[in-house]
Amino acid sequence: LLGSRHLALSTLIGEYLGITFDKEKKMQRSRWDGRPLSKDQLRYAVADTEHLFALYHKLNEELRLRGLEAEAAKVFGEIAEAQWREKECDRRGHERINGYQGLQAEERRRLQKLFRWRFQKAKEINRALFMVLSEGELIALAKAEIGSAEELLTGGILSAGKTESYGRELLEVLKREEALSHGRSRAGSLVS
């Protein structure tokens, strides 16, 4: 309503209060479910909330000065009435991963299976997708010929923690796709 193009909290605080502070992406993506929180996490959380009341009052004042109070109340009411819907896996989301275009057909099929596995795993363990596997890790897995969990680790594809947590399941996903692929190629050679 006020015309801000960038809605990141740090940007709004800078724009409306003239206060600048850097927020590290690394800290934003840290493990917030672990206890106790680290001192750096606590500082980050405090920095996130320190200026909220001042920002709230400044934004309300801006809405009042521009005569947008009624419109804001309507929009906020609509937001409050929104119904939660469980997120569904984007069936073609793997095609938007950076690096997809450079993959061979078989690698693209592996990526699709890995992408769907990651969605289900993240949902199962209640984690953000990137905390399960990054997009770079998905691409590396789709390209690699892997026969064992050790190869995930020694090939530098996954960390020891991710190999331990997900290695067995990832190998199963990749082996299933390999079996399907061989079935497709045998069927194709029988037809020709």
For residue 157, work out the one condition from (1) of a type in the set (A, V, I, L, M); (2) within 19 Å of the chain's Cα centre (by Cα); (3) within 23 Å of residue 32 (Cα to Cα); (4) modelled with pLDDT under 95 it doesn't fulfil. (3)
May I ask you to say which residue of 113, 58 is touching a residue at least 24 places away in the same chain (Cβ under 8 Å) and under 20 Å from residue 12 (Cα atoms)? 58
Tally time: how many residues in segment 44-55 are surrounded by 11 or more Cβ atoms within 10 Å (Cβ to Cβ) and of a type in the set (Ser, Thr, Tyr)? 1
What pairs can you find where one residue is in segment 26-46 and over 19 Å from residue 125 (Cα atoms), the other is aromatic (Phe, Trp, Tyr) and surrounded by 12 or more Cβ atoms within 10 Å (Cβ to Cβ), and their Cβ atoms are less than 6 Å apart, with a gap of 6+ or different chains? 27/44
If a residue counts only when it is surrounded by 16 or more Cβ atoms within 10 Å (Cβ to Cβ) and of a type in the set (A, V, I, L, M, F, W, C), which helices (runs of 4 or more DSSP H) contained entirely in segment 69-167 have at least 2 such residues? 105-125, 129-132, 135-143, 149-154
Meets criteria (free of Cβ contacts under 8 Å to residues at least 40 places away in the same chain and touching a helix residue (DSSP H, G or I) at 6+ places or on another chain (Cβ under 6 Å)) for residue 152: yes
Report yes if some residue within segment 25-41 is touching a Lys or Arg at 6+ places or on another chain (Cβ under 8 Å), surrounded by 13 or more Cβ atoms within 10 Å (Cβ to Cβ) and part of a helix (DSSP H, G or I); otherwise report no. no
Within segment 1-57, which residues are among the aliphatic types (A, V, I, L, M) and within 29 Å of residue 161 (Cα to Cα)? 27, 37, 42, 45
Which residues, taken from segment 8-24, are small (Gly, Ala, Ser) and either more than 22 Å from residue 129 (Cβ to Cβ) or surrounded by 12 or more Cβ atoms within 10 Å (Cβ to Cβ) (or both)? 10, 14, 18
In segment 5-20, how many residues are in contact with a helix residue (DSSP H, G or I) (Cβ under 6 Å, 6 or more places away or on another chain) and assigned to a loop (DSSP other than H, G, I, E, B)? 2
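Within the group 145, 151, 137, 178, which residue is at pLDDT 95 or above and acidic (Asp, Glu)?
Answer to the check: 137.
The values are calculated or read from the model by the stated rules, or taken from the named source; none is laboratory data. Given the structure is predicted, the values throughout are model-derived calculations rather than measurements. All Cβ positions, glycine included, derive from the backbone under ideal geometry; neighbour counts span all protein chains shown.
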